[in-house]
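Colleague: Pasting a structure here, questions to come.
The values are calculated or read from the model by the stated rules, or taken from the named source; none is laboratory data. Every value quoted in this text rests on a predicted model; they were computed, and no experiment measured them. When we count neighbours, we look across all protein chains shown, and the Cβ atoms used for this are built from the backbone with ideal geometry, even at glycine.
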Amino acid sequence: MGYPGWLWIPVTLWAAFAQTLRNVAQRQLTGELGTLGATLVRFLYGLPFAALWLFAVQAVGGYALPPGNLSFLGWVLLGAVSQIAATALLLRVMAERNFTLGVAYSKSEIILVAVFGFVFLGDRVNTIVAIAIALGTGGVLMLAPADRQHPWRALLTGWTSRLALLGIASGAGFALSAVGFRGAALSLHGTPFLMAAASTLLVAQCLQTLLLGGWLLWRKRDVLARVLRAWRASLFAGFMGAAASAGWFTAMAIEPVAHVRTLGLTELLFSYVISRRLFREHLERRELIGIALLTLGLIVVALGH
(Lines give C-alpha, C1' and ligand atoms only; values in the text may rest on other atoms or scores of the structure.)
Protein backbone atom coordinates (compact mmCIF):
# COMPACT_ATOMS: atom_id res chain seq x y z
CA MET A 1 0.00 0.00 0.00
CA GLY A 2 1.40 3.37 -1.04
CA TYR A 3 1.50 6.38 1.24
CA PRO A 4 2.65 10.00 0.90
CA GLY A 5 6.25 10.63 1.87
CA TRP A 6 5.24 13.31 4.40
CA LEU A 7 2.85 11.04 6.33
CA TRP A 8 5.39 10.48 9.12
CA ILE A 9 5.30 14.21 9.99
CA PRO A 10 1.68 14.53 11.25
CA VAL A 11 1.91 11.07 12.81
CA THR A 12 5.02 12.15 14.75
CA LEU A 13 3.39 15.41 15.86
CA TRP A 14 0.42 13.46 17.17
CA ALA A 15 2.72 11.06 19.02
CA ALA A 16 4.58 13.96 20.66
CA PHE A 17 1.34 15.62 21.78
CA ALA A 18 -0.13 12.38 23.14
CA GLN A 19 3.13 11.61 24.95
CA THR A 20 3.05 15.03 26.62
CA LEU A 21 -0.41 14.33 28.01
CA ARG A 22 0.70 10.86 29.11
CA ASN A 23 3.70 12.33 30.93
CA VAL A 24 1.44 14.79 32.76
CA ALA A 25 -0.90 11.99 33.82
CA GLN A 26 1.98 9.74 34.91
CA ARG A 27 3.63 12.50 36.87
CA GLN A 28 0.42 13.05 38.83
CA LEU A 29 0.31 9.32 39.62
CA THR A 30 3.95 9.09 40.74
CA GLY A 31 3.26 10.44 44.24
CA GLU A 32 0.59 7.81 44.86
CA LEU A 33 2.09 4.82 43.04
CA GLY A 34 5.82 5.47 43.13
CA THR A 35 8.14 5.51 40.11
CA LEU A 36 7.73 1.85 39.13
CA GLY A 37 3.98 1.86 39.75
CA ALA A 38 3.48 4.91 37.53
CA THR A 39 5.72 3.27 34.92
CA LEU A 40 3.57 0.12 34.91
CA VAL A 41 0.45 2.22 34.36
CA ARG A 42 1.44 3.18 30.81
CA PHE A 43 1.89 -0.49 29.84
CA LEU A 44 -0.83 -2.26 31.82
CA TYR A 45 -3.62 0.21 31.10
CA GLY A 46 -2.40 0.86 27.59
CA LEU A 47 -2.57 -2.84 26.70
CA PRO A 48 -6.31 -3.03 25.89
CA PHE A 49 -6.05 0.08 23.71
CA ALA A 50 -3.06 -1.41 21.87
CA ALA A 51 -5.13 -4.57 21.23
CA LEU A 52 -8.04 -2.48 19.92
CA TRP A 53 -5.70 -0.59 17.60
CA LEU A 54 -4.33 -3.83 16.13
CA PHE A 55 -7.87 -5.15 15.67
CA ALA A 56 -8.95 -1.92 13.94
CA VAL A 57 -5.94 -1.90 11.60
CA GLN A 58 -6.53 -5.57 10.73
CA ALA A 59 -10.26 -5.10 10.19
CA VAL A 60 -10.05 -1.91 8.11
CA GLY A 61 -7.02 -2.92 6.07
CA GLY A 62 -7.96 -6.57 5.68
CA TYR A 63 -4.43 -7.61 6.69
CA ALA A 64 -3.37 -10.98 8.00
CA LEU A 65 -1.42 -11.17 11.24
CA PRO A 66 2.31 -11.21 10.38
CA PRO A 67 4.22 -14.40 11.15
CA GLY A 68 6.60 -13.97 14.06
CA ASN A 69 10.32 -14.72 13.91
CA LEU A 70 13.25 -14.72 16.33
CA SER A 71 14.63 -11.48 14.92
CA PHE A 72 11.32 -9.72 15.59
CA LEU A 73 11.17 -11.07 19.15
CA GLY A 74 14.75 -9.99 19.84
CA TRP A 75 14.18 -6.44 18.61
CA VAL A 76 10.93 -6.11 20.55
CA LEU A 77 12.57 -7.39 23.73
CA LEU A 78 15.38 -4.82 23.37
CA GLY A 79 12.85 -2.04 22.85
CA ALA A 80 10.56 -3.17 25.65
CA VAL A 81 13.23 -3.47 28.36
CA SER A 82 14.93 -0.22 27.31
CA GLN A 83 11.64 1.66 27.41
CA ILE A 84 10.80 0.40 30.90
CA ALA A 85 14.14 1.64 32.21
CA ALA A 86 13.92 4.94 30.34
CA THR A 87 10.41 5.71 31.59
CA ALA A 88 11.34 4.96 35.21
CA LEU A 89 14.40 7.22 34.97
CA LEU A 90 12.36 10.01 33.36
CA LEU A 91 9.76 9.92 36.12
CA ARG A 92 12.57 9.98 38.70
CA VAL A 93 14.00 13.16 37.17
CA MET A 94 10.55 14.76 37.03
CA ALA A 95 9.91 13.90 40.67
CA GLU A 96 13.23 15.42 41.79
CA ARG A 97 13.05 18.67 39.81
CA ASN A 98 10.30 19.57 37.33
CA PHE A 99 8.30 18.36 34.38
CA THR A 100 10.00 20.34 31.60
CA LEU A 101 13.50 19.63 32.90
CA GLY A 102 12.85 15.90 32.93
CA VAL A 103 11.63 15.93 29.35
CA ALA A 104 14.56 18.14 28.29
CA TYR A 105 17.30 15.89 29.66
CA SER A 106 15.63 12.81 28.17
CA LYS A 107 15.92 14.47 24.76
CA SER A 108 19.63 13.76 24.73
CA GLU A 109 18.02 10.78 23.04
CA ILE A 110 18.08 12.51 19.64
CA ILE A 111 21.87 12.45 19.52
CA LEU A 112 22.10 8.87 20.76
CA VAL A 113 19.32 7.60 18.51
CA ALA A 114 21.21 8.82 15.45
CA VAL A 115 24.28 6.88 16.61
CA PHE A 116 22.35 3.74 17.56
CA GLY A 117 20.25 3.87 14.40
CA PHE A 118 23.39 3.92 12.25
CA VAL A 119 25.19 1.21 14.23
CA PHE A 120 22.29 -1.25 14.52
CA LEU A 121 20.13 -0.51 11.48
CA GLY A 122 22.37 1.33 9.04
CA ASP A 123 20.14 4.43 9.10
CA ARG A 124 22.31 7.27 7.86
CA VAL A 125 22.05 10.89 9.00
CA ASN A 126 22.67 13.51 6.33
CA THR A 127 24.05 16.99 6.95
CA ILE A 128 20.62 18.62 7.13
CA VAL A 129 19.38 16.25 9.82
CA ALA A 130 22.65 16.65 11.75
CA ILE A 131 22.11 20.43 11.73
CA ALA A 132 18.54 19.92 12.94
CA ILE A 133 19.76 17.68 15.76
CA ALA A 134 22.32 20.29 16.82
CA LEU A 135 19.75 23.11 16.76
CA GLY A 136 17.20 21.05 18.65
CA THR A 137 19.69 19.99 21.31
CA GLY A 138 20.82 23.59 21.83
CA GLY A 139 17.23 24.73 22.17
CA VAL A 140 16.49 22.01 24.71
CA LEU A 141 19.47 22.97 26.86
CA MET A 142 18.48 26.64 26.87
CA LEU A 143 14.90 25.88 27.80
CA ALA A 144 15.73 23.71 30.79
CA PRO A 145 19.28 24.10 32.15
CA ALA A 146 20.41 22.20 35.21
CA ASP A 147 20.93 25.43 37.16
CA ARG A 148 18.46 28.25 36.58
CA GLN A 149 20.50 30.68 38.69
CA HIS A 150 23.49 30.28 36.37
CA PRO A 151 21.92 28.97 33.14
CA TRP A 152 24.77 29.71 30.73
CA ARG A 153 27.37 28.04 32.93
CA ALA A 154 24.99 25.11 33.31
CA LEU A 155 24.92 24.66 29.55
CA LEU A 156 28.63 23.85 29.65
CA THR A 157 29.05 22.13 33.01
CA GLY A 158 25.62 20.74 33.88
CA TRP A 159 26.10 17.42 32.07
CA THR A 160 28.05 15.92 34.96
CA SER A 161 25.42 16.46 37.67
CA ARG A 162 23.55 13.48 39.08
CA LEU A 163 20.28 14.78 37.65
CA ALA A 164 21.79 15.25 34.21
CA LEU A 165 23.26 11.74 34.24
CA LEU A 166 19.88 10.27 35.16
CA GLY A 167 18.29 12.24 32.32
CA ILE A 168 20.95 11.19 29.83
CA ALA A 169 20.52 7.56 30.91
CA SER A 170 16.79 8.00 30.27
CA GLY A 171 17.57 9.39 26.83
CA ALA A 172 19.85 6.44 26.07
CA GLY A 173 17.07 4.06 27.07
CA PHE A 174 14.55 5.80 24.83
CA ALA A 175 17.07 5.79 21.96
CA LEU A 176 17.63 2.04 22.31
CA SER A 177 13.89 1.42 22.53
CA ALA A 178 13.25 3.46 19.37
CA VAL A 179 15.90 1.51 17.48
CA GLY A 180 14.56 -1.78 18.84
CA PHE A 181 10.98 -1.04 17.80
CA ARG A 182 11.99 0.14 14.32
CA GLY A 183 14.13 -2.97 13.95
CA ALA A 184 11.14 -5.11 14.96
CA ALA A 185 8.86 -3.49 12.39
CA LEU A 186 11.48 -3.83 9.64
CA SER A 187 12.00 -7.52 10.48
CA LEU A 188 8.39 -8.26 9.48
CA HIS A 189 9.33 -8.32 5.81
CA GLY A 190 6.51 -7.60 3.39
CA THR A 191 4.08 -6.52 6.14
CA PRO A 192 2.29 -3.18 5.54
CA PHE A 193 3.74 -0.50 7.82
CA LEU A 194 0.51 0.04 9.79
CA MET A 195 0.18 -3.66 10.53
CA ALA A 196 3.87 -3.98 11.40
CA ALA A 197 3.64 -1.02 13.78
CA ALA A 198 0.42 -2.20 15.44
CA SER A 199 1.76 -5.75 15.88
CA THR A 200 5.01 -4.46 17.36
CA LEU A 201 3.11 -2.22 19.77
CA LEU A 202 0.88 -5.00 21.10
CA VAL A 203 3.72 -7.51 21.56
CA ALA A 204 5.87 -4.85 23.24
CA GLN A 205 3.15 -3.83 25.68
CA CYS A 206 2.44 -7.47 26.54
CA LEU A 207 6.11 -8.07 27.30
CA GLN A 208 6.41 -4.85 29.31
CA THR A 209 3.32 -5.61 31.36
CA LEU A 210 4.53 -9.14 32.09
CA LEU A 211 8.11 -8.12 32.92
CA LEU A 212 7.41 -5.10 35.12
CA GLY A 213 4.14 -6.45 36.52
CA GLY A 214 5.80 -9.76 37.35
CA TRP A 215 8.70 -8.05 39.11
CA LEU A 216 6.32 -5.95 41.20
CA LEU A 217 4.26 -9.05 42.01
CA TRP A 218 7.44 -10.73 43.24
CA ARG A 219 9.08 -7.84 45.07
CA LYS A 220 6.51 -5.09 45.74
CA ARG A 221 3.00 -6.46 45.85
CA ASP A 222 1.72 -3.40 47.72
CA VAL A 223 2.70 -1.21 44.74
CA LEU A 224 0.91 -3.54 42.33
CA ALA A 225 -2.18 -3.47 44.54
CA ARG A 226 -2.17 0.35 44.49
CA VAL A 227 -1.84 0.34 40.69
CA LEU A 228 -4.89 -1.92 40.39
CA ARG A 229 -6.90 0.20 42.83
CA ALA A 230 -6.06 3.38 40.89
CA TRP A 231 -7.54 2.06 37.64
CA ARG A 232 -9.87 5.01 37.10
CA ALA A 233 -7.09 7.59 37.27
CA SER A 234 -4.75 5.33 35.30
CA LEU A 235 -6.96 4.70 32.28
CA PHE A 236 -6.25 8.12 30.77
CA ALA A 237 -2.49 7.64 31.15
CA GLY A 238 -2.79 4.19 29.60
CA PHE A 239 -4.86 5.43 26.68
CA MET A 240 -2.55 8.35 25.92
CA GLY A 241 0.48 6.07 26.29
CA ALA A 242 -0.93 3.61 23.77
CA ALA A 243 -1.93 6.46 21.45
CA ALA A 244 1.55 7.97 21.62
CA SER A 245 3.24 4.60 21.07
CA ALA A 246 0.98 3.86 18.10
CA GLY A 247 2.11 7.14 16.59
CA TRP A 248 5.81 6.58 17.30
CA PHE A 249 5.77 3.00 16.04
CA THR A 250 3.94 3.95 12.86
CA ALA A 251 6.25 6.88 12.12
CA MET A 252 9.35 4.76 12.78
CA ALA A 253 8.05 2.00 10.51
CA ILE A 254 8.09 4.61 7.72
CA GLU A 255 11.04 6.91 8.51
CA PRO A 256 14.49 6.52 10.14
CA VAL A 257 14.39 6.99 13.91
CA ALA A 258 16.72 10.03 13.91
CA HIS A 259 14.26 11.99 11.75
CA VAL A 260 11.25 10.92 13.80
CA ARG A 261 12.81 11.62 17.18
CA THR A 262 14.18 15.00 16.12
CA LEU A 263 10.75 16.16 14.97
CA GLY A 264 9.42 14.57 18.17
CA LEU A 265 11.13 17.38 20.09
CA THR A 266 7.83 19.18 19.63
CA GLU A 267 6.97 17.27 22.80
CA LEU A 268 9.16 19.71 24.70
CA LEU A 269 7.29 22.67 23.22
CA PHE A 270 3.98 21.09 24.23
CA SER A 271 5.23 20.35 27.75
CA TYR A 272 6.69 23.84 28.05
CA VAL A 273 3.36 25.43 27.14
CA ILE A 274 1.56 23.23 29.68
CA SER A 275 4.09 24.07 32.37
CA ARG A 276 3.88 27.78 31.68
CA ARG A 277 0.10 27.77 31.63
CA LEU A 278 0.03 26.07 35.03
CA PHE A 279 2.54 28.40 36.69
CA ARG A 280 1.76 31.62 34.77
CA GLU A 281 5.43 32.55 34.41
CA HIS A 282 6.90 34.94 31.83
CA LEU A 283 9.48 33.79 29.31
CA GLU A 284 13.08 34.85 29.81
CA ARG A 285 15.32 35.91 26.91
CA ARG A 286 17.28 32.66 27.18
CA GLU A 287 14.06 30.67 26.93
CA LEU A 288 12.91 32.62 23.88
CA ILE A 289 16.25 31.84 22.21
CA GLY A 290 15.82 28.18 23.14
CA ILE A 291 12.33 28.04 21.65
CA ALA A 292 13.60 29.74 18.47
CA LEU A 293 16.47 27.24 18.08
CA LEU A 294 14.23 24.27 18.79
CA THR A 295 11.57 25.47 16.35
CA LEU A 296 14.20 26.09 13.66
CA GLY A 297 15.56 22.58 14.15
CA LEU A 298 12.07 21.12 13.79
CA ILE A 299 11.44 23.07 10.60
CA VAL A 300 14.76 21.93 9.14
CA VAL A 301 14.15 18.22 9.79
CA ALA A 302 10.54 18.39 8.60
CA LEU A 303 11.18 20.24 5.36
CA GLY A 304 14.72 19.31 4.49
CA HIS A 305 15.28 15.70 5.58
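Colleague: Kindly evaluate ALA233 against the criterion of being part of a helix (DSSP H, G or I), under 24 Å from GLY62 (Cα atoms), modelled with pLDDT under 95 and not charged (D, E, K, R).
Modeller: In short, no.
Colleague: Moving on to the next point. Return the pair list, or none, for Cβ contacts closer than 6 Å from residues in region 190-202 that are within 13 Å of ALA56 (Cα to Cα) to residues that are crowded, with 22+ Cβ neighbours inside 10 Å and among the hydroxyl-bearing types (Ser, Thr, Tyr), at least 6 apart or on different chains.
Modeller: Between residues of region 190-202 that are within 13 Å of ALA56 (Cα to Cα) and residues that are crowded, with 22+ Cβ neighbours inside 10 Å and among the hydroxyl-bearing types (Ser, Thr, Tyr), the close pairs are ALA197/THR250.
Colleague: Consider region 116-132. How many of its residues are part of a helix (DSSP H, G or I) and not small (Gly, Ala, Ser)?
Modeller: Taking region 116-132 and keeping what is part of a helix (DSSP H, G or I), we get 116-121, 127-132.
Now narrow it down to the ones that are not small (Gly, Ala, Ser): 116, 118-121, 127-129, 131.
Final tally of qualifying residues: 9.
Colleague: Given the residues ALA51, ALA86, ALA80, which is the only one that is touching an Asp or Glu at 6+ places or on another chain (Cβ under 9 Å), outside any loop (DSSP other than H, G, I, E, B) and surrounded by 14 or more Cβ atoms within 10 Å (Cβ to Cβ)?
Modeller: Details: ALA51 fails: touching an Asp or Glu at 6+ places or on another chain (Cβ under 9 Å); ALA80 fails: touching an Asp or Glu at 6+ places or on another chain (Cβ under 9 Å).
After applying the criteria, what remains is ALA86.
Colleague: Within region 165-201, track down each residue that is buried (at least 24 other Cβ atoms within 10 Å of the Cβ) and polar (S, T, N, Q).
Modeller: Within region 165-201, SER170, SER177, SER199, THR200 meet the criteria.
Colleague: Determine whether ALA16 is under 13 Å from ALA242 (Cα atoms), at pLDDT 90 or above and touching a Ser or Thr at 6+ places or on another chain (Cβ under 6 Å).
Modeller: Yes, satisfied.
Colleague: Still on this structure, please answer the following. I'd like the full set of residues that are over 13 Å from LEU36 (Cβ atoms) and either of a type in the set (Ser, Thr, Tyr) or in contact with a Ser or Thr (Cβ under 9 Å, 6 or more places away or on another chain) (or both), limited to region 210-227.
Modeller: none
Colleague: Tally time: how many residues in region 1-24 are surrounded by 22 or more Cβ atoms within 10 Å (Cβ to Cβ), out of contact with any Leu (no Cβ under 9 Å at 6 or more places or on another chain) and under 30 Å from ARG219 (Cα atoms)?
Modeller: Residues in region 1-24 being surrounded by 22 or more Cβ atoms within 10 Å (Cβ to Cβ), out of contact with any Leu (no Cβ under 9 Å at 6 or more places or on another chain) and under 30 Å from ARG219 (Cα atoms): 2 in total.
Colleague: Is there a residue in region 205-222 that is within 19 Å of TRP8 (Cα to Cα), buried (at least 18 other Cβ atoms within 10 Å of the Cβ), out of contact with any Lys or Arg (no Cβ under 7 Å at 6 or more places or on another chain) and in contact (Cβ under 8 Å) with a residue 12 or more places away in the chain?
Modeller: Scanning region 205-222, I find no residue that is within 19 Å of TRP8 (Cα to Cα), buried (at least 18 other Cβ atoms within 10 Å of the Cβ), out of contact with any Lys or Arg (no Cβ under 7 Å at 6 or more places or on another chain) and in contact (Cβ under 8 Å) with a residue 12 or more places away in the chain, so the answer is no.
Colleague: Could you grab me the full set of residues in region 229-260 that are surrounded by 22 or more Cβ atoms within 10 Å (Cβ to Cβ) and of a type in the set (Phe, Trp, Tyr)?
Modeller: Scanning region 229-260 gives TRP248, PHE249.
Colleague: Could you figure out which of (1) within 24 Å of LEU33 (Cα to Cα); (2) touching a residue at least 24 places away in the same chain (Cβ under 8 Å) isn't true of ARG232?
Modeller: Of everything listed in (1) within 24 Å of LEU33 (Cα to Cα); (2) touching a residue at least 24 places away in the same chain (Cβ under 8 Å), ARG232 misses just condition (2).
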